[in-house]
Amino acid sequence: MIRCYFSDYHPIVLFIYFISVISFAIFLMHPVCLLISISAAISYLALLRIKKYMLAIFLIISIINPLFNHAGVTILFYLPTGNPFTLESLLYGIATSFMIITVIAWFCCYNKVVTSDKLLYLFGKLLPQLSLIISMVLRLIPLYKIRFNKIMHANPSDNAFKTAALVVSIMVTWSMETAIDTADSMKARGYGLPNRTTFSNYKLTTRDIVVSIGLVVMSGYLICSNKLAVTYIPIFNYTQSLPDFIIYTILCYTPIILSIMEELKWKYLISKI
Amino acid sequence: MKKIILLITLFLVACSSQEEPVSNFEVTFLIKCDTLLGNLDKIDEIKHSLIPDNGIIYENYALEAYEGESVFDILLRVTRDNKIHMEYVDTPIYNSAYIEGINNLYEFDAGNLSGWTYRVNDVFPNYGCSQYKVQAGDIVEWIYVYDKMLF
């Protein structure tokens with residue numbers, strides 16, 4: 001298990017990476033691209049224990065599409081409604097569900113790598129209110145989970161109903177109290193005053209610039225070449241080009257490639273001592 | 001909404017009781033999209049390969065039909081027997097069927113007023129295909145129309 005060195009890069013690099021990877025995952029419905037993207041997302045997340053709900057999403061969407069969409073030239077059989085069940089529509093359902101799972105996996109990676117302080121750093125100047133709200137909202141559910149566990153540790157009552165009532169009451173009062181505290185604290189620190197600066201410890205170095213230029217060039221190439229077209233309905237038809245696949249693979253696997261390179265460099269330097 | 005203009009008659013008189021297939025006779029049955037041949041620019045390029053060169057998807061000048069069969073019944077039977085793709089919406093309560101697409105050529109593929117319609121003996125019947133009972137010697141044609149192109 002290699003440490004993820006990519007998360008040490010400048011937030012802007014991470015942001016460019018995730019923006020391009022997620023939008024390509026949505027727009028490139030080519031089967032090979034879907035496989036490249038999902039393998040990269042899963043290996044990046046070390047998410048080999050694929051979650052159960054993902055399989056459920058996969059099955060439901062793959063089956064639902066051909067039940068309602070009857071277009072396609074290859075008729076497999078007829079549904080009880082009288083309309084055909086076609087191969088193309090099934091393939092399209094499978095591709096769509098793959099795409100959705102891939103995007104969910106990428107967002108899981110995004111949540112782990114782009115933490116709220118990085119988000120605030122990126123958009124703090126541009127959209128101060130919005131980025132603050134986003135980071136506070138994203139923090140809300142984990143925070144409530146922690147508080148809930150703390151209350152349950154205190155073991156308020158033996159009676160289940162009484163426990164539930166007590167937990168709700170404690171949660172509400174606690175949250176309201178901390179909300180007021182937060183507001184006071186923000187006011188005391190001068191929230192909303194003009195000419196305020198925010199502290200951040202991120203420096204744009206040469207390697208950040210090099211990597212971000214690489215990411216932009218690769219994404220630009222993929223957008224301009226536009227060779228990976230695919231249609232599922234009514235006829236399954238696709239084009240392919242090896243350079244595009246290679247570049248897309250490099251783009252998706254960038255964090256893994258960088259981490260491996262860093263690790264090898266480290267090993268090499270140690271060996272020289 | 002525009003569906004209504006073309007084909008379907010949703011509110012229909014209560015249909016007569018279903019007759020048993022007694023005697024068979026022959027009809028002429030055609031499925032044509034030749035109207036699209038000169039207007040390929042109207043339709044998506046992916047679907048060009050679906051349009052036959054002569055514009056005829058199916059033709060049979062001596063198709064066996066049964067007493068009491070509607071135009072829709074024949075279409076359903078023919079498309080299944082010949083593995084031609086066909087999608088429809090059935091509303092049994094009104095005994096009304098609407099043909100959305102044949103051979104993957106769908107309604108709206110060639111503009112807002114395009115879709116499948118039928119005519120019998122050169123006349124466009126003013127009611128739904130599941131209501132029209134065929135008779136011996138009828139010439140039944142399914143035609144893909146676009147815009148206000150009605151014959």
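The values are calculated or read from the model by the stated rules, or taken from the named source; none is laboratory data. This one's a predicted model, so the numbers in the text were calculated from it and none came from an experiment. Because the Cβ atoms are built from the backbone with ideal geometry, glycine has one as well, and the counts that use them run over all protein chains shown.
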Hey, does region A:215-237 have a residue that's touching a strand residue (DSSP E or B) at 6+ places or on another chain (Cβ under 9 Å), touching a residue at least 60 places away in the same chain (Cβ under 8 Å), at negative phi and β-branched (Val, Ile, Thr)? yes
Tell me yes or no: at least one residue of region A:78-90 is without any contact (Cβ under 8 Å) to a residue 12 or more places away in the chain and farther than 30 Å from residue B:74 by Cβ. no
Answer with yes or no whether residue A:97 is in contact (Cβ under 8 Å) with a residue 12 or more places away in the chain, over 30 Å from residue A:204 (Cα atoms) and of a type in the set (S, T, N, Q). yes
Within the bounds of region A:155-174, is there any residue that is within 24 Å of residue A:116 (Cβ to Cβ) and of a type in the set (Lys, Arg)? no
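Of everything in region A:86-99, what is within 11 Å of chain B (Cβ to nearest Cβ) and either among the polar types (S, T, N, Q) or surrounded by fewer than 21 Cβ atoms within 10 Å (Cβ to Cβ) (or both)? Give them in sequence order.
Answer for region A:86-99, where residues must be within 11 Å of chain B (Cβ to nearest Cβ) and either among the polar types (S, T, N, Q) or surrounded by fewer than 21 Cβ atoms within 10 Å (Cβ to Cβ) (or both): A:86, A:89.
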Within region A:100-114, is even one residue surrounded by fewer than 20 Cβ atoms within 10 Å (Cβ to Cβ) and at pLDDT 90 or above? yes
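For region B:72-80, does any single residue satisfy the condition of being surrounded by 15 or more Cβ atoms within 10 Å (Cβ to Cβ) and in a loop (DSSP other than H, G, I, E, B)? Walk me through how you get there before you give the answer.
Looking only at region B:72-80, we keep the residues that are surrounded by 15 or more Cβ atoms within 10 Å (Cβ to Cβ), and these are B:72-79.
After this cut, where a residue has to be in a loop (DSSP other than H, G, I, E, B) as well, the list is none.
So far as region B:72-80 goes, no, none of its residues is surrounded by 15 or more Cβ atoms within 10 Å (Cβ to Cβ) and in a loop (DSSP other than H, G, I, E, B).
Among the candidates A:182, A:198, single out the residue that is without any contact (Cβ under 8 Å) to a residue 40 or more places away in the chain, over 30 Å from residue A:32 (Cβ atoms) and exposed (fewer than 13 other Cβ atoms within 10 Å of the Cβ).
Details: A:198 fails: without any contact (Cβ under 8 Å) to a residue 40 or more places away in the chain.
Going through A:182, A:198 in turn, the sole match is A:182.
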Any idea which residue in region A:201-252 is nearest to the other protein chains (Cβ to nearest Cβ), counting only those that are surrounded by 12 or more Cβ atoms within 10 Å (Cβ to Cβ) and among the charged types (D, E, K, R)? A:227
Working only within region B:103-127, note down all residues that are part of a strand (DSSP E or B) and closer than 24 Å to residue B:137 by Cα. B:116, B:117, B:118, B:119, B:120, B:123
If residue B:57 passes every condition in (1) among the β-branched types (Val, Ile, Thr); (2) assigned to a strand (DSSP E or B); (3) more than 14 Å from every other protein chain (Cβ to nearest Cβ) but one, which one does it miss? (3)
The correct count of residues that are closer than 16 Å to residue B:112 by Cβ and modelled with pLDDT of 80 or more in region B:1-40 is 3
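What about residue B:97, is it in contact with a Phe, Trp or Tyr (Cβ under 7 Å, 6 or more places away or on another chain), in a strand (DSSP E or B), more than 24 Å from residue B:37 (Cβ to Cβ) and more than 14 Å from every other protein chain (Cβ to nearest Cβ)?
Working: in contact with a Phe, Trp or Tyr (Cβ under 7 Å, 6 or more places away or on another chain): yes; in a strand (DSSP E or B): yes; more than 24 Å from residue B:37 (Cβ to Cβ): yes; more than 14 Å from every other protein chain (Cβ to nearest Cβ): no.
Spelling it out, it is not the case that residue B:97 is in contact with a Phe, Trp or Tyr (Cβ under 7 Å, 6 or more places away or on another chain), in a strand (DSSP E or B), more than 24 Å from residue B:37 (Cβ to Cβ) and more than 14 Å from every other protein chain (Cβ to nearest Cβ).
For region B:62-80, name all the residues that are away from chain A (no Cβ under 12 Å) and farther than 14 Å from residue B:135 by Cα.
Let us first name the residues in region B:62-80 that are away from chain A (no Cβ under 12 Å), namely B:62-71, B:74, B:78.
The one that is away from chain A (no Cβ under 12 Å) and farther than 14 Å from residue B:135 by Cα: B:78.
Return the residue satisfying two criteria in turn: it lies in region B:81-94 and is outside any loop (DSSP other than H, G, I, E, B) and within 11 Å of chain A (Cβ to nearest Cβ), and of such residues it is surrounded by the most Cβ atoms within 10 Å (Cβ to Cβ). Lay out the reasoning, then the answer.
Residues of region B:81-94 outside any loop (DSSP other than H, G, I, E, B): B:81, B:86-94.
Retained after the next criterion (residues that are within 11 Å of chain A (Cβ to nearest Cβ)): B:86-90, B:92.
Values: B:86: 24, B:87: 22, B:88: 21, B:89: 14, B:90: 16, B:92: 8.
Step by step, filter region B:81-94, then rank; the result is B:86.
This table checks each residue for (1) at pLDDT below 90; (2) out of contact with any helix residue (DSSP H, G or I) (no Cβ under 9 Å at 6 or more places or on another chain).
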position: B:83; (1), (2): no, yes
position: B:87; (1), (2): no, yes
position: B:93; (1), (2): yes, yes
position: B:97; (1), (2): no, no
position: B:130; (1), (2): no, no
position: B:148; (1), (2): yes, yes
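When you check residue B:111 against the structure, is it away from chain A (no Cβ under 14 Å), within 27 Å of residue A:234 (Cβ to Cβ) and modelled with pLDDT under 90, yes or no?
Working: away from chain A (no Cβ under 14 Å): yes; within 27 Å of residue A:234 (Cβ to Cβ): yes; modelled with pLDDT under 90: yes.
In short, yes.
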Pairing a residue in region B:40-57 that is on the phi > 0 side of the Ramachandran plot with any residue that is hydroxyl-bearing (Ser, Thr, Tyr), where Cβ atoms lie under 9 Å and the two sit 6 or more apart in sequence or on different chains, gives B:55/B:35; B:55/B:144
